[in-house]
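Working notes for the structure below.
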Amino acid sequence: MASENEEKYGTVLGTAKYEAEKSVTDTVETVKGMGTLASNLGGYLKRDVGNAWDSLNKSPEEKAAIKEKKDAEDAKVSAEAKAAVDAEAARIKKLQDSYITHTAVILCSYAARESYLVVPTSHGELIHGIPQLNVGDSKPNINVRSFGVCMSPKNPSVQAAAKKIVADIKDKPKTFTEKVMDFFSKPPKVEIGKDLVEMCAGVCKAQIFTDWIDGKKDVLIDGKPALLGRCKLQCGYGGKIKFYTSGQREE
């Protein structure tokens, strides 16, 4: 369509005509959509009016019974939610002093999902047949398995993702309106700001150079303090790593 208009009216005028025609088409589609929405809303209104009418015709006893049933259901849901929260809090509290074993689940403050702590070779101590770990089991990829996706602004992979977004925006072909606006005013500057980087994600490549903190010093596993659920680990990109499970079978 744009090429036909350009042949008839010239490049600038032809493009403008094309944009105008496109605007009309978009408006028509929008109106059609509004008509469909209105029709759907009409159905909802009819249903809601019917429900309201039924409610008005119920006796006080029926209304009281309905309210009592709803209150009971709400109370049950609330009680179940509270019980779940309390149970999780109790589990986490118990985890703090639990010994950590192979395949314990770990979490990172900058990760999109959980990962696992593993040991390639047993240190010689087992709990229910599962290798027990020590504070030295903190090496990236060997012990600390990749979390997959990282959202730390300090991660070069995340920064690269932000740069790509900016580059894609700059390379995106401009519309006729944008070109006209650029002619009369200075184009807005596209920059890699903190807010943009914080919305991006990259590949997790943990940078860990220390042992786990706060191990059980009076229990040594292969010469190092035993690892406990309260232990923490710091990634060089700012991520704080902690345990979600101990890895023991009873969990």
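The values are calculated or read from the model by the stated rules, or taken from the named source; none is laboratory data. The structure displayed is predicted, hence computed values, not measured ones. For neighbour counting, all protein chains shown are included, and Cβ atoms are generated from backbone atoms with ideal geometry for every residue, glycine included.
Quick check on residue 105: is it among the aliphatic types (A, V, I, L, M), at negative phi and not in a strand (DSSP E or B)? Here the answer is no, as residue 105 does not meet what is asked.
Of everything in the range 119-153 that is touching an Asp or Glu at 6+ places or on another chain (Cβ under 6 Å) and aliphatic (A, V, I, L, M), the residue that is nearest to residue 226 (Cα to Cα) is 135. Within the range 235-248, being touching a Ser or Thr at 6+ places or on another chain (Cβ under 7 Å) and buried (at least 17 other Cβ atoms within 10 Å of the Cβ) holds for 237, 239, 246, 247, 248.
It is to be established whether one or more residues within the range 145-165 are out of contact with any strand residue (DSSP E or B) (no Cβ under 6 Å at 6 or more places or on another chain), without any contact (Cβ under 8 Å) to a residue 60 or more places away in the chain, in a helix (DSSP H, G or I) and buried (at least 18 other Cβ atoms within 10 Å of the Cβ). Looking for residues that are out of contact with any strand residue (DSSP E or B) (no Cβ under 6 Å at 6 or more places or on another chain), without any contact (Cβ under 8 Å) to a residue 60 or more places away in the chain, in a helix (DSSP H, G or I) and buried (at least 18 other Cβ atoms within 10 Å of the Cβ), one finds at least one in the range 145-165, hence yes.
Would you call residue 245 among the polar types (S, T, N, Q) and under 27 Å from the mean Cα position of the chain (by Cα)?
Spelling it out, residue 245 is indeed among the polar types (S, T, N, Q) and under 27 Å from the mean Cα position of the chain (by Cα).
Each residue in the range 110-128 was checked for being modelled with pLDDT of 95 or more and more than 27 Å from residue 196 (Cβ to Cβ), and 12 pass.
Checked against the criterion of being within 16 Å of residue 234 (Cα to Cα), hydroxyl-bearing (Ser, Thr, Tyr) and buried (at least 19 other Cβ atoms within 10 Å of the Cβ), the candidates 115, 109, 98 yield just one match: 115.
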